[in-house]
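One structure below.
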Amino acid sequence: MHLALYREFRPETFDKMLGQEHIVRILTNQIQRDTVGHAYLFCGTRGTGKTTVARLLAKGVNCLADGERPCGICDNCVSIKNGVFMDVVEIDAASNNGVDNIRDLKESVKYPPVQGRRKVYIVDEVHMLSTGAFNALLKTLEEPPSDVMFILATTEPQKLPATILSRCLRLDFKRVPSGVIKGGMKEICADIGVEITDEALGLLAFNAEGSVRDGLSLLDQCIAGGDRVSRETVLELLGSPGEARLTELTELVFEGDVSGALILLDGLLSDGNDERQIMKDWIEHFRNLMLVRHVKRPQDIMNMPTENIDRLKMQGDRLPTEFISSGILSLAKTLNDARWSTQPRILLEVGLIRMASGEAPESGEKPGGKLGSSVRAGGRSEDGGGTVEQPKGAVGTVNRSQDGEEANGGRSEDKPESAMAGVGEAGGIGEAGGMPNEDENHGMAVKININWDEIVAEISKKKALFKRLAGRSRLADVSKETFVVNVYDDITKKTAESAREFIEEAVSKRLGAEMKLDCRLVKDDGADKRKMAADASGKAARQPDAAESAAHQSDAAGSAARQPDAAESATLQSRAETPPWSEDKQAVSNEAVSAEDIARQLEAKFNIKVERE
């Protein structure tokens, strides 16, 4: 019967191992010095060599050779290889995960080795044991007989109890580099007489994703089709569309040809290509486009022929970096959603349409026309087109041309606008507001949306302690790379510092840039708290109720204007903190309105006389 390649070519000595040099070095030294431990825990992803190394360690402690162990040729090594050595017991914890199974193991531990020097128990997928089974194993694992050793293997060490972890020598297996896998498969192909190209080997090693077993399984499938394996053979096996068709699909998306892109995608799927594999290969295509733009010798890190790299260079030189990066993010999100969907084709088509129509990966905002027409600072598109229009009526939005003049008035600006020009009513940047974000050469019009109360509510879901920030802190200023939050007591400042990571993440997400928190303890003069109290009462301007309106109408009919009493004066002074008197009911910042203006508005609105000091 034919043996799979990963079984037929399983290493029999440590020097045949692919990768894991750090683990091989540790175990080799322990075997030579006779300092092998009583319990080991091997952790790592699939196909990285956990079971293979466990068997090599079992061979090493029972090998009959005088020199380097294991030798792989003595009677004990051959018996272990064939699975007939009585003192090496392999247990599948996925199917033997109960307390009764561990009880049987504990009983067998009492008996000494029959053939070798040490009795070795290899427990694979140990994380599948039940809680009771773990507890039953603890004492035996901690103090086994001197001639017994345990080797536990798992892909999910985080599921193991701390009591198990503390009793074992833990060794973490890393993913095997693609170059190492490629070299190992090349030797195997030479041994079995299969002709295979370097491009095919590189493609197989890349798709193995660090797993030697996965790579050899793919190679086994390719060899089953004939003794000559080319890159096209591997692409056909993987269900990959190939570089030429991916290049064409990218061109159609960049040009905004949704119809042509969907027709080409339908052709790819009709040829039997897998939707998820198309997404993976398309992401890899965008990555290659990015590499040929920034790496001088991309052929050193890309598994493809030179002519393909030349075609990528031609396409990469024409595509803007923003289009490439946005394509990677959009496809990565679509691929992640498709993992749990029964209709991956629909998700792929929706993602393609969004990319071709110029929508950003998550927010849906367009960076300026098509996704390929990326916007430079100063509001001018990269392809030399017109300026990007700024939404009208955006409060506090700064939009300057490259020569420093204002877009709406042509007047030069002596000093930059305040970053808080759009401070709104919820203790943060106004919902319609904007923030200038200037660099050394260009101005940039940026429309943002920050609401401090929303941020506090968001981070409070992660930790209830952060609710203290509500009512005791305020977003005071936003600059190019930092934002200032004022707090009013030491405890709130400590709370804000403990929540720094979550606050910075929330603000950076809203601004689309990396922002740092500057938390400042300020003296409470009452102004900020009065402003927050007014904010909490509602964003819309409060209109006078029916009783107040009737009173004012009665006063207007009288012969003399009635002076407000002390209570009414206090009420009017509170309202003046956030004056709601404009007809369009938009809040007006108290910093932007003088006391005389407030008094004049009050007199006109309520037909009263306001005394001035």
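The values are calculated or read from the model by the stated rules, or taken from the named source; none is laboratory data. Since this is a predicted model, take the numbers as computed values, not measurements. Note: ideal-geometry Cβ built from the backbone for every residue, glycine included; neighbour counts use all protein chains shown. Just the protein is used for accessible areas: all its heavy atoms, side chains included, with ligands, DNA and RNA removed. Shrake-Rupley method; radii C 1.70, N 1.55, O 1.52, S 1.80 Å.
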**Message:** Quick check of the Kirkwood formula: for segment 154-294, what is the inverse mean of 1/r over all pairs of different Cα atoms, in Å?
**Reply:** 17.6 Å
**Prompt:** So who's got an amide H within less than 5 Å of the one on ILE196, skipping anything under 5 residues away but keeping other chains? H placed 1.01 Å off N, in plane.
**Reply:** VAL229
**Message:** Calculate the FRET efficiency for ASP518 and ASN29 from the Cβ-Cβ distance with a Förster distance of 51 Å, rounded to the nearest 0.05.
**Reply:** 0.50
**Fill in**
Contour minus Cα-Cα span, ARG117 to GLU255, at 0.36 nm per residue, comes to 42.6 nm
**Message:** Taking the solvent-accessible surface of protein heavy atoms with a 1.4 Å probe, what is the per residue accessible area of segment 31-89 in Å²?
**Reply:** 43 Å²
**Request:** For segment 120-188 and segment 193-235, write down the distance between their C-alpha centroids in whole Å.
**Result:** 30 Å
**Asked** In the structure displayed, which of LYS461/LYS516; LYS333/LYS461; LYS333/LYS480; LYS186/LYS313; LYS81/LYS119 lie more than 26 Å apart, Cα to Cα?
**Response** LYS333/LYS480; LYS186/LYS313
**Prompt:** About its Cα centre, how strong a charge dipole does segment 20-104 have in debye, to the nearest 20, once Lys and Arg get +1 and Asp and Glu get -1 at the Cβ?
**Reply:** 280 debye
**Item:** Whole-Hz ³J(HN,Hα) from phi, Karplus 6.51 cos²θ - 1.76 cosθ + 1.60, for segment 11-22, glycine and proline x
**Value:** x, 9, 9, 5, 6, 8, 5, 9, x, 6, 4, 5
**Prompt:** For the residue pair GLU107 and LYS16, what label-to-label distance in nm results when each label sits 7 Å from Cα along the Cα-to-beta-carbon direction?
**Reply:** 3.8 nm
**Request:** Could you pull out the pairs from LYS50/LYS174; LYS50/LYS110; LYS462/LYS494 whose alpha carbons sit more than 21 Å apart here?
**Result:** LYS50/LYS110
**Prompt:** So what are the ³J(HN,Hα) numbers for segment 87-100, from phi and the Karplus equation (6.51, -1.76, 1.60; θ = phi - 60°), rounded to whole Hz, Gly and Pro as x?
**Reply:** 9, 10, 10, 9, 10, 8, 5, 5, 10, 10, 10, x, 5, 4
**Request:** Provide the per-residue ³J(HN,Hα) series for segment 115-129, in order, calculated from phi with Karplus coefficients 6.51, -1.76, 1.60 and θ = phi - 60°, each as a whole number of Hz, with x at glycine and proline positions.
**Result:** 10, x, 7, 9, 9, 10, 10, 9, 9, 8, 6, 5, 5, 7, 5
**At R0 = 35 Å, FRET efficiency that the Cβ-Cβ distance of GLN221 and SER325 yields, to 0.05** = 0.55
**Message:** Amide H of ARG170 versus every other amide H placed in the peptide plane: which residues, excluding those fewer than 5 positions away on the same chain, fall under 5 Å?
**Reply:** LEU41
**Item:** For segment 8-22 and segment 69-93, distance of Cα centres in Å
**Value:** 16 Å
**Rh (Kirkwood; distinct C-alpha pairs) - segment 85-124, Å** = 10.8 Å
